[in-house]
Every structure is written in C-alpha cells, then in structure tokens.
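Report on one structure; see the data block that follows.
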Ligand code: HEC
C-alpha cells in the first residue's frame, strides 16, 4: 500500500521535476549565450593579432586580458551535464596557460596556448552548439 502511494507520488510528481529541470537549463543557456557574446569580440581581436604574429603589443595584451576576463565568467556556470562541465574545465585550464604565456611574453607559448584554447571552443560547440561546428 505504502509502495503504491510512493509510486503514485513519483508518477504524478515526475513531470514537474522534468519541467523544473528544463527551465533551469533555459536559464543556464541564457547565461552561457551572454558570456559567449562577451568573450567573442576580444577573442576576435586576439585571433586577428595572433594571425599577424603580434603577441606582445599593448593591443594584443589588451584584447587578451579582456578575453580572459570575460571567458573566466564561464567558471560560474553550473551546467547539469557532466560532459559540458568537462569541456568547460578544459577550456578554463587552457585559458590559464594562455594567460600565463601572455604575462611571460613568450611568443611560441602564446601561439600554442591560443590554439589550444580555440580547440576547446570547437570541442564544446561540436556537442552543445551544433550551429558553430
Ligand atoms: C563548455 C562549452 C563551451 C565552450 C568551451 C565554448 N562555448 Fe561558445 N557556446 C556554447 C554554447 C552552448 C553556445 C550556444 C549558446 C546559445 O545560443 O544558447 C555557444 C555559443 C557561442 C557563440 C555564439 C554563436 C552563435 O552564432 O550563436 C560564440 C561567438 C561562442 N560561443 C564563442 C566561443 C569561443 C570563442 C569559445 C572559446 C574560447 C567558446 N565559445 C567556448 C558553449 C561553449
């Protein structure tokens, strides 16, 4: 009897649980979209200057520090998927290496670590943002 009561409760309550979960996800996705937008423009500056081999100018440093500042906001995103969190952690790890390379003014390390950061964008997008593939 008790079992049936619990079972009934689960059956009745489960659609509400699903609904709550998806509305949380809608909020998380809005936050992600906003952060992505903020990191996009400084990221383009970094890419353009890196493409010209400029790794040490004040402009490169400005774009890099803006990019790091915005991208680090992804650390505050609480995504329900373990896979998403793994992609995110990997990006934040590569971001730190990039930041350190810029501070040390080591061109080759900057070049490589920027490439690594860009690879992490593509990895996550290939799963979570199919449009960006
Ligand atoms: C952990 C996952 C993840 C990582 C890492 C990631 N992104 Fe995203 N990105 C997303 C998701 C999810 C969206 C879709 C957001 C939405 O519109 O709801 C998105 C959207 C975007 C958009 C908007 C594009 C469009 O056409 O809608 C840009 C620009 C963007 N990301 C840039 C970047 C850059 C640059 C990096 C790497 C530095 C990066 N992203 C890393 C998950 C990620």
So if I check each of 83, 104, which one is within 12 Å of the ligand (Cβ to nearest atom) and exposed (fewer than 14 other Cβ atoms within 10 Å of the Cβ)? 83
Which pairs have Cβ atoms under 7 Å, sit 6 or more apart or on different chains, and link a residue in the range 73-87 that is on the phi < 0 side of the Ramachandran plot to one that is in a loop (DSSP other than H, G, I, E, B) and near the ligand (Cβ under 8 Å from one of its atoms)? 85/79
Subset of the range 32-60, residues surrounded by 19 or more Cβ atoms within 10 Å (Cβ to Cβ) and outside any helix (DSSP H, G or I), comes to 55
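Restricted to the range 65-80, and to residues that are part of a helix (DSSP H, G or I) and away from the ligand (no atom under 12 Å from the Cβ), which residue is nearest to the chain's Cα centre (by Cα)?
76
Here, each number is a calculation from the coordinates, and none is a lab measurement. Since we're looking at a predicted model, the values are computed, not measured. Every residue, glycine as well, gets a Cβ built from its backbone with ideal geometry; the counts of neighbours run over all protein chains shown.
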